[in-house]
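Below: the structure, in structure tokens.
The values are calculated or read from the model by the stated rules, or taken from the named source; none is laboratory data. Computed from a prediction, not measured in an experiment: that's the story for all the values here. Cβ coordinates were reconstructed from backbone atoms using ideal geometry, including for glycine residues, and neighbour counts include every protein chain displayed.
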Amino acid sequence: MDLLNDLVEKGLRRELPTRDEARAVLETSDDELLDVVAAAGKVRRHWFGRRVKLNYLVNLKSGLCPEDCSYCSQRLGSQAEILKYTWLKPDEATSAAEAGLRGGAKRVCLVASGRGPTDRDIDRVSKTISAIKDQHEGVEVCACLGLLSDGQAARLQEAGADAYNHNLNTSEATYGDICTTHDYSDRQETVRQAQSAGLSACSGLIAGMGESDEDLVDVVFALREMDPDSVPVNFLIPFEGTPLASEWNLTPQRALRILAMVRFVHPDAEVRLAGGREVHLRSMQPLALHLANSIFLGDYLTSEGQEGQSDLNMIADAGFEVEGAETTTLPEHREQAGKRPEELVAVRRRGAGTTLPPNA
């Protein structure tokens, strides 16, 4: 299939596919699905081998959000039956992270509901970051706190945060149908602030909200333009009590095509299999490991994930291996691009081509 051969060649060169090529991946038939997975798998293995990075979510503050994002069980006016609580203390958050770290997670994702953090919230999260890193040398910490104000990203970076997550979620053209309390440009600006502060940007999408193929291509290309290091691909969980409760638009085959398209557009980025994978991929989750090189271990914000040992068994049974803490996730050209000048000096002193642990 000429399309797939061309996409593989472009992926190995980090060359951007055309929009028509990306759309064509989404339009392939079920008979072609294994060919699509195999082609995207070549790109994934070229940049990441057979490694699977494990990430673990800690929900620092749940529910009672003033934003009206239609997909979210924590949204303003949500009737979803979820736990609601205010900020976890640093020792409580550190304790919560232990389960994931024992299971092999190398990144802890600290998430809090709300429009964005106050300066006092940044102080709270900074203390939590310090507490986790004091007890677990080498662990990566990613913060996900909503829209950032000036200077907040720099404060998180100074506190030891390695990354910041803020998803674009859907196309700019349809964003107003999903949320009215902030806009698409607000999300883009927060990602830029994180990058400017030296944080690794983590930004992705939610598929299954009724979007078209064109919308999916739009958001994935918008993400490529922002060039995040990590691209989480979420599949909508239609929570009862939210406006999208009846949106069941995905099949396992559709989910795999979306992941393949994301991999072709972001060949050397960490593509993360995120929320909803168990619901929509079901028994085809192992095939998704040929496309994504990163997954969440355990539960999500307000929904249960697959049992952790089942994830570890799935990774081993599919012929993959859990990425160790001593291994740098990103290819060397990305790792060096994200380093500050003084860190690059350290790389040069160790010798060209040396792979450093994330916090070396």
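Please determine, by comparing only the residues of segment 287-342 that are of a type in the set (D, E, K, R) and modelled with pLDDT of 95 or more, which one is surrounded by the most Cβ atoms within 10 Å (Cβ to Cβ). Applying the filter and picking the extreme gives GLU323.
Of the residues making up segment 196-232, those that are farther than 19 Å from GLY275 by Cβ and either free of Cβ contacts under 8 Å to residues at least 24 places away in the same chain or more than 16 Å from the chain's Cα centre (by Cα) (or both) are SER196, ALA197, GLY198, SER212, ASP213, GLU214, VAL217, ASP218, GLU225. Please work out if ARG187 is touching a His at 6+ places or on another chain (Cβ under 7 Å), more than 23 Å from GLY116 (Cα to Cα) and among the charged types (D, E, K, R). Criteria not met by ARG187. The set of residues from segment 117-138 being of a type in the set (S, T, N, Q), assigned to a helix (DSSP H, G or I) and surrounded by fewer than 20 Cβ atoms within 10 Å (Cβ to Cβ) comprises SER126, SER130, GLN135. Of all residues in segment 31-46, none are in a loop (DSSP other than H, G, I, E, B), of a type in the set (Lys, Arg) and farther than 21 Å from VAL219 by Cα. For segment 107-138, a residue qualifies if it is under 26 Å from ASN313 (Cβ atoms) and modelled with pLDDT of 95 or more, and the qualifying residues are ARG107, VAL108, CYS109. Conditions first: (1) over 30 Å from ASP121 (Cβ atoms); (2) assigned to a helix (DSSP H, G or I). ASP91 passes all but one, so which condition is the exception? With respect to (1) over 30 Å from ASP121 (Cβ atoms); (2) assigned to a helix (DSSP H, G or I), ASP91 is out only on (1).
Residue-level check: of (1) touching a Pro at 6+ places or on another chain (Cβ under 6 Å); (2) part of a loop (DSSP other than H, G, I, E, B); (3) surrounded by 23 or more Cβ atoms within 10 Å (Cβ to Cβ), ALA245 misses just (3).
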